[in-house]
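The values are calculated or read from the model by the stated rules, or taken from the named source; none is laboratory data. Please read these numbers as outputs of a predicted model, since none were measured by experiment. So basically every Cβ, Gly included, is an ideal-geometry build from the backbone, and we count neighbours across all protein chains shown. We work out accessible area using only protein heavy atoms, side chains counted, and drop any ligands, DNA or RNA first. Shrake-Rupley method; radii C 1.70, N 1.55, O 1.52, S 1.80 Å.
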Amino acid sequence: MDELLKLLLANACESRATIAQQLGIGVEEVERRIAEYEKRGVIRGYQAVLNEDQLDLDKVTAVIEVKVTPERGGGFNRIADRLSRFPEVRSAYLMSGTYDLLLFVEGHNLRDVASFVSAKLATIDGVLSTSTHFMLKTYKRLGVLMETNHEDERLTISP
Amino acid sequence: MKTSGSPSLRDRIAAPVRDIPRSGIRDFFDIVSTMQDVISLGIGEPDFDTPWHVRESTVFALERGTTHYTSNLGYLELRKALAGYVGKKYGVNYDAESEVLVTVGVSEALDLALRALINPGDEVLYHEPCYVSYRAVILFAHGVPLAIETRAADGFRLTRAMLEKKVTPRTKVLMLNFPNNPTGATMSRQDLEEIAAFARERDLLVITDEIYAELTYDGPHTSIVSLPGMRARTLFLHGFSKAWAMTGYRLGYACGPAEVIDAMMKIHQYTMLCASSFAQKAALEALARPDSDIETMVAEYRRRRNFLVSAFAGLGLECTRPAGAFYAFPNIGKFGLPAKEFALKLLEQERVAVVPGTAFGACGEGFVRCAYATRLEQIKEAMKRLGRFIGRLG
Ligand SMILES: Cc1ncc(COP(=O)(O)O)c(C=O)c1O
């Protein structure tokens, strides 16, 4: 992967000047390449990685395994696209194995998610079955550990 | 305990030990450790944790009960893996049975090498600024240290002309360390060829400390041992501390002709017995997939190096572009302060710790060592503070 993308993945808020200094290129070059990635749709957005367990939000997340009937011509894409458009669905993946689609769904509470599943998801043509699991605690998200950073144990000066 | 009539205990300490000053690094550490909120660019070890699969395998080794002595040379399985790694990476093949010794860090390997090779009075050539222990281990082995000054003007590289000025008929060993601590200097194949030719002509033995070999940023590392005619006269030292971020495991190794490895093994056998068994198991795991672990760290060090070089340039500080290890060695001579005073003032006024160049030999005067084995945010803040500090010095 392009070094520039790696740096943005690690910290999208890093100043363009610091990125330029690390890559040994000019600031304009950094800006040009980022704009290019945005235009091509490689970069699709920038978000903070939160430890939501600290925020006391009225929110639950469920992971839902969905079995669907693939369609002639479109395969899974059309139905996956339809499901992805619900704002409740935060992430959606096509999977290998015993089910087809994996959805990460958010709601205010358990009932909220349950009604999304029974009233919306399950009623869609082509959805054969669903299996819902609620998330209890987050230990790591997007490569970031949720526990507070540990102290540097190194001696402050060493040879 | 001092009884009248007998000499003081201090006088009874063996002369080579008594006469060596404590490491300058140690003195500086004592000062820094009394202070709060210090950003330290003085740390000579990776800020990365040991790769998780290596740590996990250490735990597994302990669970399995790998807590016993190993053979003196180290597990044969590990020596085979080491021989394979060195062969593939540096192009020199060693016999795992007789030409590889696993040691307690490169530190022990250096000590063993000098004790195995030096008779009292034999001279050892080495280049300064250099790792703090070189002069001391030569003296502990009753050798005579001959320091060669490398200079910023030459990118801190060693040249044949410098060697010729110092060598005498009593010179037996040449010690090398590239990529270099503290300057970050590296030597190209061409640079090494003239050193190798000199060693062959003068029939010198070479001890090459290549602990930073994987950490190069502008091209791959060449080992002097891979040059024609060098394998038979060279001892190759390497370890897991730097490239694998395994300093606390204390694991290194020596590869060389069987006669020399056997001599080192004798000392090791009687004084150390063997290196830690579970650290050896961890090293095996580290060698199972070195490239992916090291690539990530090297990429990060390279970016920090680039940042630091650019930041120094912005501050008007001259600095030879370091191409290896994780140190930069900027010139602070123009401020007219001795390196130690510069470092102390910087520490007191701005809480940034750097190591005075003089800790690495007298010719380090006028320089400070800045390690970039520290997170970029810290380096950034340190450069801001350094900028304020030198702004006041004018
Ligand atoms: C050049 C050099 N050699 C040897 C060592 C010691 O390494 P080890 O941890 O393997 O004893 C260091 C550590 O800073 C070093 O910089």
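Listed here are the helices (runs of 4 or more DSSP H) enclosed by segment B:237-341 that have at least 2 residues being out of contact with any helix residue (DSSP H, G or I) (no Cβ under 6 Å at 6 or more places or on another chain) and crowded, with 24+ Cβ neighbours inside 10 Å: B:290-314. Quick one: would you say B:Ile207 is away from the ligand (no atom under 14 Å from the Cβ) and open to solvent by less than 20 Å² (accessible area, probe 1.4 Å)? No; evaluated as a whole, the condition is false for this residue.
Does B:Gly143 satisfy the condition of being more than 16 Å from the ligand (Cβ to nearest atom), free of Cβ contacts under 8 Å to residues at least 60 places away in the same chain, surrounded by fewer than 20 Cβ atoms within 10 Å (Cβ to Cβ) and small (Gly, Ala, Ser)? Write out each step before concluding.
On the way: more than 16 Å from the ligand (Cβ to nearest atom): yes; free of Cβ contacts under 8 Å to residues at least 60 places away in the same chain: yes; surrounded by fewer than 20 Cβ atoms within 10 Å (Cβ to Cβ): no; small (Gly, Ala, Ser): yes.
Here the answer is no, as B:Gly143 does not meet what is asked.
Of B:Leu192, B:Leu163, which residue is more than 12 Å from the ligand (Cβ to nearest atom), under 20 Å from the mean Cα position of the chain (by Cα) and not assigned by TED's automatic domain parsing to the domain that holds B:Ala328?
On the way: B:Leu163 fails: under 20 Å from the mean Cα position of the chain (by Cα).
When all the criteria are applied, what remains is B:Leu192.
Of the helices (runs of 4 or more DSSP H) lying entirely inside segment B:1-91, those containing at least 3 residues that are within 14 Å of chain A (Cβ to nearest Cβ) and open to solvent by 20 Å² or more (accessible area, probe 1.4 Å) span B:24-32.
For A:Arg82, the stated conditions hold: it is at pLDDT below 95 and not in a loop (DSSP other than H, G, I, E, B). All of B:Ala213, B:Ala185 fail the test of being touching a Gly at 6+ places or on another chain (Cβ under 9 Å) and either free of Cβ contacts under 8 Å to residues at least 40 places away in the same chain or within 16 Å of B:Tyr90 (Cβ to Cβ) (or both), apart from B:Ala213.
One residue stands out in segment B:105-124 among those that are within 16 Å of the ligand (Cβ to nearest atom) and either within 8 Å of B:Val173 (Cβ to Cβ) or part of a loop (DSSP other than H, G, I, E, B) (or both): the one that is farthest from the chain's Cα centre (by Cα), namely B:Val124.
Let's see how each residue does on (1) charged (D, E, K, R); (2) more than 14 Å from the ligand (Cβ to nearest atom); (3) in contact with a strand residue (DSSP E or B) (Cβ under 6 Å, 6 or more places away or on another chain):
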| position | (1), (2), (3) |
| --- | --- |
| B:Lys242 | yes, no, no |
| B:Tyr249 | no, no, no |
| B:Pro257 | no, yes, no |
| B:Thr271 | no, yes, no |
| B:Tyr301 | no, yes, no |
| B:Arg304 | yes, yes, no |
| B:Phe312 | no, yes, no |
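Within segment B:344-364, the only residue that satisfies the criterion of being more than 13 Å from every other protein chain (Cβ to nearest Cβ) and of a type in the set (Val, Ile, Thr) is B:Thr358. Can you tell me which residues in segment B:314-338 are within 17 Å of B:Tyr301 (Cα to Cα) and out of contact with any Phe, Trp or Tyr (no Cβ under 8 Å at 6 or more places or on another chain)? The answer is B:Arg321, and nothing else. When segment B:22-41 is filtered for residues that are of a type outside the set (Val, Ile, Thr) and under 16 Å from B:Gly361 (Cα atoms), the ones remaining, listed by number, are B:Arg22, B:Ser23, B:Gly24, B:Arg26, B:Asp27, B:Phe28.
Taking A:Ile157 as the residue in question, decide whether it is within 14 Å of another protein chain (Cβ to nearest Cβ), over 23 Å from the mean Cα position of the chain (by Cα) and open to solvent by less than 40 Å² (accessible area, probe 1.4 Å). When the stated conditions are applied, A:Ile157 passes them.
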